[in-house]
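Input: a single structure, listed below in structure tokens.
The values are calculated or read from the model by the stated rules, or taken from the named source; none is laboratory data. Source: prediction; values computed, not measured. Ideal geometry is used to build each Cβ from the backbone, glycine not excepted, and the neighbour counts take in all protein chains shown. Only protein heavy atoms, including side chains, enter the accessible area calculation; ligands, DNA and RNA are left aside. Shrake-Rupley method; radii C 1.70, N 1.55, O 1.52, S 1.80 Å.
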Amino acid sequence: MRILFDSKLPQHKRPFGCLTPGEECTLSVHIPVAVMTRKAEMVLCGENGGELCSEELHFEKTVGPYEYWTGSFRLEKTGLYFYYFRITDPHGTFRLFKEGDDTNMEAGDLWQVSCIPSDFYTPRWAQGAVIYQVFPDRFARSGWCDCTGKLQPYSVHDNWYDEVDWRPDEHGIIQNNDFFGGNFRGIGDKMDYIASLGTTILYLNPISKSFSSHRYDTGDYKTPDPMLGTEADFAALCRCAHAHGIRVILDGVYSHTGSNSLYFDRNYTFGGNGAYCRPDSPFRSWYTFYHWPDRYNSWWGFDTLPTVNKMDDSFLNYIIRDEDSVVAHWLKLGADGFRLDVADELPDEFISLLRERIRGIKPDALLLGEVWEDASNKVAYNIRRKYFTDGELDSVMNYPLRDALVAFLTGRSTARTLADLLLSQRLNYPQPLYYALMNLTASHDVARTRSALALDFDPRSRTRAQLAALDVTDAMAARGAQLQPLAAAVQFWLPGIPSIYYGDEAGMQGLCDPFNRAPLQMCDTQMLQWYAQLTTLRHAHPALTRGEVAVFAPAGDVLCILRVIAGGRDAFGEEAEDEALLLIVNRAAHPVHCHAELTCPGAGLCEETRLAFVRSEYDCAAGCFDDTHIVLHDGVGAFDLPPHAAKIYRLENRHGTETGS
């Protein structure tokens, strides 16, 4: 018999998930009677694994073949903590570690618990929102802007449907300086379309004056790129978005600037006042030169992207502190927040200062970070990051979800693996952030959703030339088209913010940069209708935005996600009508019959909600888009799933009360 402890289960750990300073946490380890336990302790470790203290567990009771050893503790300071157990029996002392959902003696992982600020919050409008991400040059064009002052050289495609330039020039350099003329007015003209997708947040990739079409090589932080339009055009775009109930967030690129910029000016384009031009430049302290002016620190070795010293006082003043700092400038023009590019390369102190400043200007401004891994315990450049434990970020880009979802749908992992990832985030991400998590399936940095699902390998492993030459067969494209609705359904069913990368909703294809950055094309009207259906459901049912979540893997090919409001309260304790909606996804190319047990503990619902859900006595799952009715017996249903299916149900109870429409 094994020793039992699973931090997701209320019989082992309460409360569920993160703690706040001073909050009591109770742990209970269930040890077989045969062990003859004499002593049990919880050993608390710091963020780097070093032992901090131990807390003795006390024998509580015997239940069948198990003894329950229970104890409580409180964390007084915010931070990331880990723990394991130390157990003494008649033969000596051994350590107990985590091994998946199970335990193991003397080998395994530590359990994790975060202590977050008690006053940590995320903007109410962001919780359960819908993001539409736009790459500004490639979305829509309305007329032509005055390109006086546009950094040269550049080219403009005459044909909106041209292939994006991807080949290097005669010097072997990929210039990224071909444009299609997308602009602020074009985005504004399509605001009705953006709103029709249920969008509540418009996220724009960089808009500042820059040399390249991606504009991550900032030339002038406070000036829009002339090809996009003027400050007045941007302000008008924000007013248009706000009139449609849509907030606007911008890309904040503060890890580096462009070499062709006001601040560095390697090409002497901006008057020769940059750090490259003059040792006494006002921007000299922003950069680290190994040998002035030609050898300097640059982002990942790209000499066109000189890295800035983020904690330099002059840089902090310019970006954050000044009355007309960069962040203040754009917020006052109408922006509602920022997505921080490469957040891992911005010091915690920088992020905290930026958050404080934007909240001082707009108390409900959103700050979202680009983090590619588990943001709850991220180590970057040998430093444990404090995105959550210091309450720095409101949200992060959920690339772990994207990668796990693609792996599951393409058969490279199981439903159990995906469910474990989802439950891990539910456990380790602070609830206010978890409900504002940017859940993406594609972005400007990864393959489009349909293309990623068409392949049986990760296209990030191939060169541009290899991707350009790749023959995506009709069968591969068909598989991507079959699986994309499943990916979108999972994305929209989870707590957080589903993010649509422009054109994905219309079936656009494209592998990695720059092939995923082609101009918008409307390729698949059926897919567009599916996204519209999902957003309509999401906005119609509070359970899909503010309800709790449970995740199940009843078969290797099948994932279930249940969203619940029970007991008259949503996940934040606010009054709400009870409802429950269920998504079941079958990734297989063949029909699957499976049983799903919806009331089992350890699937993500807090225990109070789970028990209230059980008391609701739902006895039927009714199809939202068809006339299917699945009988539920004590929370268990038998489902016959078609191939490549995403089935959506509302739950009904014996009194005839429906929980969806």
Original post:
Has region 228-242 got any residue that is open to solvent by less than 10 Å² (accessible area, probe 1.4 Å), closer than 17 Å to residue 138 by Cβ, in contact with a strand residue (DSSP E or B) (Cβ under 8 Å, 6 or more places away or on another chain) and in a helix (DSSP H, G or I)?
Top reply: yes
Original post:
Which one is most open to solvent (accessible area, probe 1.4 Å), of the residues in region 591-608 that are part of a loop (DSSP other than H, G, I, E, B) and not small (Gly, Ala, Ser)?
Top reply: 591
**OP:** Examine region 390-398 for a residue that is small (Gly, Ala, Ser), more than 28 Å from residue 490 (Cβ to Cβ) and touching a residue at least 60 places away in the same chain (Cβ under 8 Å), and state whether such a residue exists.
**Re:** yes
Original post:
Does any residue in region 622-644 that is acidic (Asp, Glu) come within less than 7 Å, Cβ to Cβ, of a residue that is at pLDDT 95 or above six or more places away or on a different chain, and which pairs are these?
Top reply: 640/591; 640/593
**OP:** Scan region 172-193 for residues that are touching a residue at least 24 places away in the same chain (Cβ under 8 Å), surrounded by fewer than 24 Cβ atoms within 10 Å (Cβ to Cβ) and within 25 Å of the chain's Cα centre (by Cα) and jot them down.
**Re:** 191
Subject >> Verdict on residue 461 being of a type in the set (Ser, Thr, Tyr) and in contact (Cβ under 8 Å) with a residue 60 or more places away in the chain >> reply: no
**OP:** Might you check whether a residue that is open to solvent by 60 Å² or more (accessible area, probe 1.4 Å), more than 16 Å from residue 97 (Cα to Cα) and assigned to a helix (DSSP H, G or I) occurs anywhere in region 34-49?
**Re:** yes
**OP:** State yes or no: is residue 331 at pLDDT 95 or above, open to solvent by less than 50 Å² (accessible area, probe 1.4 Å), under 20 Å from residue 204 (Cα atoms) and under 19 Å from the mean Cα position of the chain (by Cα)?
**Re:** no
**OP:** Kindly check whether there is at least one residue in region 576-589 that is farther than 23 Å from residue 482 by Cβ, of a type in the set (A, V, I, L, M, F, W, C), at pLDDT below 95 and surrounded by fewer than 23 Cβ atoms within 10 Å (Cβ to Cβ).
**Re:** no
**OP:** For region 333-358, name all the residues that are more than 25 Å from residue 377 (Cβ to Cβ) and among the aliphatic types (A, V, I, L, M).
**Re:** 333, 335, 358
Subject >> Sole exception among (1) under 24 Å from residue 322 (Cβ atoms); (2) open to solvent by 10 Å² or more (accessible area, probe 1.4 Å); (3) in contact with a strand residue (DSSP E or B) (Cβ under 7 Å, 6 or more places away or on another chain); (4) part of a strand (DSSP E or B) for residue 219, by number >> reply: (2)
**OP:** Please find, within region 374-390, the residue that is nearest to residue 203 (Cα to Cα) out of those that are open to solvent by 10 Å² or more (accessible area, probe 1.4 Å) and within 16 Å of the chain's Cα centre (by Cα).
**Re:** 374
Subject >> Qualifying positions in region 338-373 - surrounded by 21 or more Cβ atoms within 10 Å (Cβ to Cβ) and of a type in the set (Gly, Ala, Ser) >> reply: 343, 365, 369
Subject >> Filter pass, residue 101 being open to solvent by 10 Å² or more (accessible area, probe 1.4 Å), farther than 30 Å from residue 177 by Cβ and in contact with an Asp or Glu (Cβ under 7 Å, 6 or more places away or on another chain) >> reply: yes
Original post:
Pairs under 7 Å by beta carbon, first residue over 14 Å from residue 316 (Cβ atoms) in region 342-364, partner modelled with pLDDT under 95, six or more apart or different chains?
Top reply: none
**OP:** State whether the residues of region 625-638 include one that is among the hydroxyl-bearing types (Ser, Thr, Tyr), under 30 Å from residue 479 (Cβ atoms), out of contact with any helix residue (DSSP H, G or I) (no Cβ under 8 Å at 6 or more places or on another chain) and at pLDDT 95 or above.
**Re:** no
**OP:** Among the residues of region 274-333, write down those that are charged (D, E, K, R) and in a loop (DSSP other than H, G, I, E, B).
**Re:** 278, 280, 294, 303, 310, 312, 322, 323, 324
Subject >> Residue tally, condition polar (S, T, N, Q) and assigned to a loop (DSSP other than H, G, I, E, B), over region 462-495 >> reply: 2
**OP:** Could you list, in sequence order, all residues of region 542-569 that are closer than 19 Å to residue 130 by Cα and open to solvent by 10 Å² or more (accessible area, probe 1.4 Å)?
**Re:** 542, 545, 546, 548
**OP:** Name every residue in region 406-424 that is open to solvent by 10 Å² or more (accessible area, probe 1.4 Å) and either among the hydroxyl-bearing types (Ser, Thr, Tyr) or in contact with a Phe, Trp or Tyr (Cβ under 7 Å, 6 or more places away or on another chain) (or both), in order of residue number.
**Re:** 410, 413, 414, 417, 424
Subject >> Subset of region 243-258 (residues that are assigned to a loop (DSSP other than H, G, I, E, B), open to solvent by less than 10 Å² (accessible area, probe 1.4 Å) and of a type in the set (Gly, Ala, Ser)) >> reply: 255, 258
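One line per residue, one yes/no per condition, for (1) in contact with a Cys (Cβ under 8 Å, 6 or more places away or on another chain); (2) free of Cβ contacts under 8 Å to residues at least 60 places away in the same chain; (3) among the basic types (Lys, Arg):
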{"position": "234", "(1), (2), (3)": "no, no, no"}
{"position": "247", "(1), (2), (3)": "no, no, yes"}
{"position": "255", "(1), (2), (3)": "no, no, no"}
{"position": "272", "(1), (2), (3)": "no, yes, no"}
{"position": "281", "(1), (2), (3)": "no, yes, no"}
{"position": "287", "(1), (2), (3)": "no, yes, no"}
{"position": "293", "(1), (2), (3)": "yes, yes, no"}
{"position": "299", "(1), (2), (3)": "no, yes, no"}
{"position": "305", "(1), (2), (3)": "no, no, no"}
**OP:** Any residue in region 25-54 that's in contact (Cβ under 8 Å) with a residue 60 or more places away in the chain: show its pairings with residues that are among the small types (Gly, Ala, Ser) at Cβ separation under 8 Å, as long as the two are six or more apart or on different chains.
**Re:** 25/72; 29/40; 47/79
Subject >> Odd one out for residue 263, checked against (1) closer than 19 Å to residue 370 by Cα; (2) open to solvent by less than 20 Å² (accessible area, probe 1.4 Å) >> reply: (1)
Original post:
When region 71-91 is examined, which residues are found to be over 28 Å from residue 119 (Cα atoms) and either open to solvent by 30 Å² or more (accessible area, probe 1.4 Å) or at pLDDT below 95 (or both)?
Top reply: 86, 88, 90, 91
